[in-house]
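Reviewing the structure listed below.
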Amino acid sequence: MSLDSLSGANSTPTIAKQVLVSDRDRHIIAFGCDTESEPGVQDPLAIRFSSQESLTDWAATATNTAGELRLGSGSEIVMAIETRQQVLVFTDEALYAMQYLGPPVTFGVNLVSENITTMGPLAAIPVEDNVYWMGLKEFYAYGGTVQRLPCTVRDYVFDDINIFQLSKITAGTNSAFGEIWWFYPSSSSQENDRYVVYNYMENVWSYGNLARTAWLDRG
């Protein structure tokens, strides 16, 4: 069932690249969606949010908290990830931090970095107050500022990866051992057949062969 088919639906998005519900302030947020002024026409940099605790109220008025934002750097939103403090929004060229400010503006966005890349919509993972992700030629971490992670297996990973299947790259956490895993396709494979692991507690990298398309941590 689509949102616009619900009783009382008002200016709901009809297309979006990603949708999430913000835990702290209870808004539904659509990323890479159609705008209120041009329904049905996808804007890859648009962000819309419903009124607080509402599935159906999306028309921005002076009496609700619905609204719309548009990012200025990049050509499309790749993914959004919620952390304890904010929602991080990745475009193909930049990283933004989206924070709840309250009425009348509801949300604000700040440009964090324009010098980052990301492999795809599943290549990042939150760990407590940090986010780790795989870029096109680097690994990154964000915990208030963006850092490039020194990687001892960087050439092994990025010199033998299928650049036409990047959207399949999947990140996961093994929290019991302080590990971030990325599953990715080697250059001779159409599906994920390898992994690279970063132990953020010991600052150690490892790699191997394993076919996985998804990951769920314990608990």
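General remarks:
- Residue identified as at positive phi and more than 16 Å from the chain's Cα centre (by Cα) among THR106, THR152, THR145: THR106
- Residues in the range 174-186 that are open to solvent by 20 Å² or more (accessible area, probe 1.4 Å) and either under 22 Å from VAL78 (Cβ atoms) or of a type in the set (A, V, I, L, M, F, W, C) (or both): ALA176, PHE177, TRP181.
- Residue in the range 138-166 that is farthest from SER206 (Cα to Cα), counting only those that are hydroxyl-bearing (Ser, Thr, Tyr) and open to solvent by less than 50 Å² (accessible area, probe 1.4 Å): TYR142
- Subset of the range 71-118 (residues that are closer than 17 Å to GLY135 by Cα, buried (at least 20 other Cβ atoms within 10 Å of the Cβ) and among the polar types (S, T, N, Q)): THR91, THR118
- Those residues of the range 121-137 which are open to solvent by less than 50 Å² (accessible area, probe 1.4 Å), out of contact with any Gly (no Cβ under 7 Å at 6 or more places or on another chain) and at pLDDT 95 or above, in sequence order: ALA123, ALA124, VAL131, TYR132, TRP133, MET134, GLY135
- Selection within the range 1-25 - over 18 Å from the mean Cα position of the chain (by Cα), closer than 22 Å to TYR96 by Cα and either open to solvent by 20 Å² or more (accessible area, probe 1.4 Å) or not charged (D, E, K, R) (or both): PRO13
- Test: residue in the range 93-109 that is farther than 20 Å from VAL21 by Cβ and of a type in the set (S, T, N, Q): no
- The set of residues from the range 192-219 being under 15 Å from MET119 (Cβ atoms), part of a loop (DSSP other than H, G, I, E, B) and either open to solvent by less than 40 Å² (accessible area, probe 1.4 Å) or among the charged types (D, E, K, R) (or both) comprises just one member, ASN192.
- Only residues that are under 22 Å from THR83 (Cα atoms), of a type outside the set (D, E, K, R) and assigned to a strand (DSSP E or B) were counted in the range 6-64, giving 11.
The values are calculated or read from the model by the stated rules, or taken from the named source; none is laboratory data. Computed from a prediction, not measured in an experiment: that's the story for all the values here. We place every Cβ from the backbone using ideal geometry, glycine too, and count neighbours over all the protein chains shown. Note: areas computed on protein heavy atoms with side chains; ligands, DNA, RNA excluded. Shrake-Rupley method; radii C 1.70, N 1.55, O 1.52, S 1.80 Å.
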